[in-house]
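The structure appears below as structure tokens.
Bear in mind these aren't lab numbers, they're just calculated from the coordinates by the rules spelled out. Because the structure is a prediction, the values reported are computed rather than measured. Virtual Cβ from ideal backbone geometry, glycine too; neighbours counted across all protein chains shown.
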Amino acid sequence: MGICRSSSTSMVFAKLVNPLLCLIIVFALLYLGQEILKPLAFACLVALLLISPCRFFERQGFPRGVSALISMILASIVFIVVFYFISNSIASFRQDLPLMIENINDSIKQVELWVQKTFDISRENVKTLVEDSTNKMLPSTSSIINQTVNTVTNAVFIGILLFITTFLMLLYRGLVVQFFVTLFADDYTRNIHSILGRIQFVIRSYLAGLLLEMIIIAVAYCAVFFLLGVKYALLLGVIGAIANIIPYLGVIITCVLTALITLTTNSPSTVLWSVVSVIIIHMIDTNILMPKIMSTKVNVNALASIIGVITGSALWGLPGTFMAMPILAIMKVVFEEVEPLRPFAILMGDDTEVKSLSKPVINRIARSVNRRTTKK
């Protein structure tokens with residue numbers, strides 16, 4: 001006897017077993033093979049973004065290899081220009097890092113005095129508690145420099161590997177399509193072409209819209225920070241635009257970093273106005289800018305986005321956090337095309353047609369006001 005009351009329910013669970021097992025296997029492979037899959041995933045996203053310019057050069061008569069190389073060189077030039085401005089800001093930030101740490105230590109001493117006077121705790125206990133906390137939160141300058149050198153070295157190596165892998169994907173993209181077509185039966189050829197075409201369109205549109213949104217957000221942040229007199233306006237603006245990729249959590253990261261950096265170089269009022277400006281820009285972006293730019297690009301609801309960000313962070317760390325939305329978009333396209341997985345696509349969709357069963361509150365208030373005025 002089964003655990004379900006009816007045989008129909010048992011059949012439903014039986015149909016869900018294979019898709020759930022597939023998802024578990026996919027998550028296990030993503031976690032165990034992350035060192036290999038993370039560069040490949042980044043290369044796939046960049047290749048999808050560069051397919052259009054590559055095809056443009058192919059239509060001009062260039063061979064596919066030359067078209068792919070030209071597209072990669074143009075993309076690399078754009079990246080190098082952006083990286084140059086960011087590196088200059090980081091170099092200036094590194095020079096002022098000892099002064100910032102000194103200012104933070106002065107603030108910590110003031111906090112020690114306030115805690116000692118307010119809670120009547122001995123100075124030794126307060127000092128021990130604060131020192132233990134700051135040692136965990138604030139690493140030494142030497143460790144920061146060592147971590148920076150290691151990060152830059154790894155980034156250069158990964159960048160070279162990413163360049164080569166993306167170029168080869170653009171060059172052999174026809175073989176990739178042929179691989180998926182040959183892998184499955186002939187009855188699914190049309191579905192495979194439909195899935196690959198939709199994935200290419202969704203990811204390319206999403207990345208292009210995301211890039212445009214990042215540029216607008218970076219310009220807005222930098223302009224506001226420059227007007228407020230924030231010292232590292234360019235660095236904070238670029239970091240805020242990059243953090244904006246993370247749904248619903250990027251604004252929190254931007255606010256915390258802005259408050260910590262401006263607190264050591266500016267007045268408290270500047271810190272307050274900087275954080276308020278970040279929140280206002282984020283609200284404008286969420287309610288006006290994002291719907292205009294990103295509409296119909298990735299129709300994934302907020303709950304699925306948060307779960308995707310948490311899952312991506314757990315599987316791949318920080319790269320998984322930034323890649324959560326493109327991967328969710330790809331998963332939703334696949335779920336919509338594969339019949340057993342369509343319930344998951346419905347669960348990830350953005351339900352914008354739900355309306356309130358009762359009359360809107362504003363209309364009811366307006367009608368009650370009109371009734372009172374007519375009675376008077």
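Taking 0.36 nm per residue of separation and subtracting the Cα-Cα distance, full extension of the segment from Phe85 to Met283 would add 68.6 nm.
Our note on the geometry: Cα centres of the range 235-284 and the range 165-187, 43 Å apart. Each peptide in 300-309, 39-48 gets a packing score, the mean of other Cβ atoms within 10 Å over its residues, and the list from highest to lowest is 39-48, 300-309.
Taking 0.36 nm per residue of sequence separation and removing the Cα-Cα distance, the Val176/Gln60 pair yields an extension gain of 39.4 nm. The label-point distance for Leu196 and Arg342, in a model that sets each label 7 Å from Cα toward Cβ, rounds to 2.4 nm.
At a Förster distance of 51 Å, what's the computed FRET efficiency of Leu227 paired with Asp187, Cβ-Cβ distance as r, to 0.05? E between Leu227 and Asp187, to the nearest 0.05, is 0.25. Highest mean packing first, where packing is the average number of other Cβ atoms within 10 Å per residue, the peptides 252-258, 169-175 line up as 252-258, 169-175.
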